[in-house]
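Report on one structure; see the data block that follows.
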Amino acid sequence: MNYSRAYSLTEATRKLESYCAYQDRCHKEVVEKLKGMRMIPEAIDVILGHLIKENYLNEERFAQSFARGKFNIKKWGKLRIIRELQQRDISKFNIQIALKEISEYDYARTLDDLAKKRLLQIKETNIHKKRKKMADYLLYRGWESNLVYQKIKELT
């Protein structure tokens with residue numbers, strides 16, 4: 001992201017409005033983008049203020065769509081979603097709101113579907129190795145260990 005030209009405040013603002021309108025962004029992404037455009041800290045503050053005021057930038061909305069998307073599309077568990085949102089400097093409050101986007105029913109059903117599908121893919125014959133592979137797979141995706149081990153016990 002090394003832009004060779006300088007941007008006026010108005011140009012940078014318009015460019016970032018498009019950037020945020022295309023998909024929800026977090027503050028951290030927007031600040032990085034503006035730094036990549038070589039904007040000075042004062043300009044970054046002005047543009048951020050404008051984007052928030054005009055509702056182009058909304059961390060609660062970002063966190064909610066991030067949680068929904070990663071759960072529905074990538075089948076991530078809550079721990080992975082929380083960790084990824086924390087890396088983006090999203091507040092605990094907004095993370096809690098985001099997690100409410102995932103119903104308990106869908107969460108349990110998705111874990112069940114994911115575990116059953118993975119079980120069919122593991123060709124290991126040793127039951128202990130098979131269970132370990134299954135646990136590693138689900139834990140990496142951010143599913144809570146108590147739910148993972150409960151599901152493994154139920155399915156194997």
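Does at least one position in region 116-133 carry a residue that is closer than 27 Å to residue 62 by Cα and either surrounded by 14 or more Cβ atoms within 10 Å (Cβ to Cβ) or in contact with a Leu (Cβ under 6 Å, 6 or more places away or on another chain) (or both)?
No: region 116-133 contains no residue that is closer than 27 Å to residue 62 by Cα and either surrounded by 14 or more Cβ atoms within 10 Å (Cβ to Cβ) or in contact with a Leu (Cβ under 6 Å, 6 or more places away or on another chain) (or both).
Go through the residues of region 126-138 one by one and say whether even a single one is acidic (Asp, Glu), under 13 Å from the mean Cα position of the chain (by Cα) and within 28 Å of residue 65 (Cα to Cα).
Looking for residues that are acidic (Asp, Glu), under 13 Å from the mean Cα position of the chain (by Cα) and within 28 Å of residue 65 (Cα to Cα), one finds none in region 126-138, hence no.
On the given criteria, is residue 52 part of a helix (DSSP H, G or I) and either among the aromatic types (Phe, Trp, Tyr) or in contact (Cβ under 8 Å) with a residue 40 or more places away in the chain (or both)?
Against the criterion (part of a helix (DSSP H, G or I) and either among the aromatic types (Phe, Trp, Tyr) or in contact (Cβ under 8 Å) with a residue 40 or more places away in the chain (or both)), residue 52 does not qualify.
Could you figure out which of (1) assigned to a helix (DSSP H, G or I); (2) of a type outside the set (Phe, Trp, Tyr); (3) over 30 Å from residue 154 (Cβ atoms) isn't true of residue 39?
Against the list (1) assigned to a helix (DSSP H, G or I); (2) of a type outside the set (Phe, Trp, Tyr); (3) over 30 Å from residue 154 (Cβ atoms), residue 39 comes up short only on (1).
Report, ordered by the first and then the second residue, all pairs with beta carbons closer than 8 Å, sequence separation of six or more or different chains, a first member in region 123-150 that is over 15 Å from residue 79 (Cα atoms), and a second member that is polar (S, T, N, Q).
Short answer, once both residue conditions are applied: 127/156; 130/156; 131/156; 134/156.
Whether any residue in region 56-69 is free of Cβ contacts under 8 Å to residues at least 60 places away in the same chain and within 19 Å of residue 11 (Cβ to Cβ) is what I want to check.
Yes, region 56-69 contains at least one residue that is free of Cβ contacts under 8 Å to residues at least 60 places away in the same chain and within 19 Å of residue 11 (Cβ to Cβ).
Could you go through region 78-87 and let me know if any residue there is free of Cβ contacts under 8 Å to residues at least 24 places away in the same chain, exposed (fewer than 12 other Cβ atoms within 10 Å of the Cβ), within 29 Å of residue 146 (Cα to Cα) and under 16 Å from the mean Cα position of the chain (by Cα).
Yes: one or more hits.
For region 66-77, what are the residues that are surrounded by fewer than 16 Cβ atoms within 10 Å (Cβ to Cβ) and more than 8 Å from the chain's Cα centre (by Cα)?
Result: 68, 72, 73, 74.
In region 88-108, how many are small (Gly, Ala, Ser), surrounded by fewer than 17 Cβ atoms within 10 Å (Cβ to Cβ) and closer than 25 Å to residue 32 by Cβ?
Selection size over region 88-108: 1.
Before we move on, is residue 35 surrounded by fewer than 17 Cβ atoms within 10 Å (Cβ to Cβ) and in the same structural domain as residue 134 (by TED's automatic domain parsing)?
no
Kindly list the number of the only condition in (1) part of a helix (DSSP H, G or I); (2) in contact with a helix residue (DSSP H, G or I) (Cβ under 6 Å, 6 or more places away or on another chain); (3) closer than 25 Å to residue 25 by Cα that fails for residue 66.
(2)
In the list 29, 42, 54, 11, which residue meets the criterion of being closer than 20 Å to residue 88 by Cβ and either among the hydrophobic types (A, V, I, L, M, F, W, C) or out of contact with any strand residue (DSSP E or B) (no Cβ under 7 Å at 6 or more places or on another chain) (or both)?
Every option except 29 fails the conditions.
Scan 25, 61 and give me the residue that is assigned to a loop (DSSP other than H, G, I, E, B) and either within 25 Å of residue 84 (Cβ to Cβ) or among the basic types (Lys, Arg) (or both).
25
The values are calculated or read from the model by the stated rules, or taken from the named source; none is laboratory data. Just so it is clear, the model here is predicted, and its values are computed rather than measured. Cβ sites come from the backbone with ideal geometry, for glycine too, and all protein chains shown count toward neighbours.
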